[in-house]
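A.B. asks: Please read through the structure below; I'll follow up with questions.
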Amino acid sequence: QVQLVESGGGLVQAGGSLRLSCAASGRTFSSYAMGWFRQGPGKEREFVAAISWSGERTYYADSQKGRFSISRDNAKNTVYLQMNILKPEDTAVYYCATLRSGSDYRQARSYDYWGQGTQVTVSS
């Protein structure tokens with residue numbers, strides 16, 4: 001069992017930056033690939049970024065490439081999402097989750113454990 005707690009969300013103006021954190025409990029954190037998803041008002045949950053268990057491989061949705069950066073610190077049981085040049089359309093609840101081994105990282109159904117989410121609001 002893994003418990004995930006996101007933090008770092010808030011209200012920011014367009015063009016600003018935020019860094020989200022996802023703290024995990026459990027000794028097996030370093031064995032999981034991790035992902036970030038988001039869900040905007042009236043929208044389906046969508047893939048944002050993913051990172052391998054070692055941190056060597058990262059993946060991004062096309063709309064976030066060049067603006068967002070995912071990283072992890074296995075010693076701290078934490079995965080991060082650095083978000084730059086934020087846009088109003090980035091407004092959403094952001095979730096971190098653990099990826100099931102061998103699954104498609106772009107699909108929410110591939111993830112087993114989810115955090116409660118953190119709200120990001122970008123004003124224009």
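The values are calculated or read from the model by the stated rules, or taken from the named source; none is laboratory data. Note that this is a predicted model, so its numbers are computed, not measured. Glycine also receives a Cβ, built like all others from the backbone with ideal geometry; neighbour counts cover every protein chain displayed. The area values use the complete protein model at the heavy-atom level, side chains included, leaving out ligands, DNA and RNA. Shrake-Rupley method; radii C 1.70, N 1.55, O 1.52, S 1.80 Å.
A.B. asks: Rounded to the nearest 20 Debye, what is the dipole magnitude of segment 1-49 about its Cα centre when Lys and Arg each give +1 and Asp and Glu each give -1 at the C-beta? Write down the numbers at each step before the final one.
C.D. replies: Values: 5 positive and 3 negative charges, 13 e Å.
Rounded to the nearest 20 debye, it is 60 debye.
A.B. asks: To continue, here is another question. Which Cα, out of Ala92, Ser63, Val79, lies furthest along the positive dipole direction of segment 46-124 (beta carbon charges, K/R +1, D/E -1)?
C.D. replies: Val79
A.B. asks: Could you work out the relative contact order of segment 1-114, using alpha carbon pairs under 8 angstrom and six or more residues apart, expressed as a whole percent? List each step's numbers first, then the result.
C.D. replies: Working: 235 pairs, mean separation 36.4, N = 114.
Worked out over segment 1-114, it gives 32 percent.
A.B. asks: In nm, what is the difference between 0.36 nm times the number of residues separating Ser71 and Arg19 and their Cα-Cα distance? Working shown, then result.
C.D. replies: On the way: separation 52, 0.36 × 52 = 18.72 nm, distance 1.06 nm.
Result for the pair: 17.7 nm of gain on full extension.
A.B. asks: Oh, and also: Might you tell me the accessible area per residue for the chain, computed with a 1.4 Å probe and given in Å²? Intermediate values should be presented prior to the final figure.
C.D. replies: Values: 6530 Å² over 124 residues.
Heavy-atom SASA per residue in the chain reads 53 Å².
A.B. asks: Looking at segment 1-105, what % of the alpha carbon pairs are farther apart than 25 Å? List each step's numbers first, then the result.
C.D. replies: Working: 835 of 5460 pairs.
Counting pairs separated by more than 25 Å, the tail of P(r) holds 15 percent.
A.B. asks: Can you give me the % of accessible surface on the chain that is carbon or sulfur? Probe 1.4 Å, all protein chains present, nothing else counted.
C.D. replies: Numbers: 2960 of 6530 Å².
Solvent-exposed carbon and sulfur of the chain make up 45 percent of the total.
A.B. asks: Which residue, Thr28, Ala108, Ser123, has the largest displacement toward the positive end of the dipole of the chain when charges sit on each Cβ (Lys, Arg +1; Asp, Glu -1)?
C.D. replies: Selected residue: Thr28.
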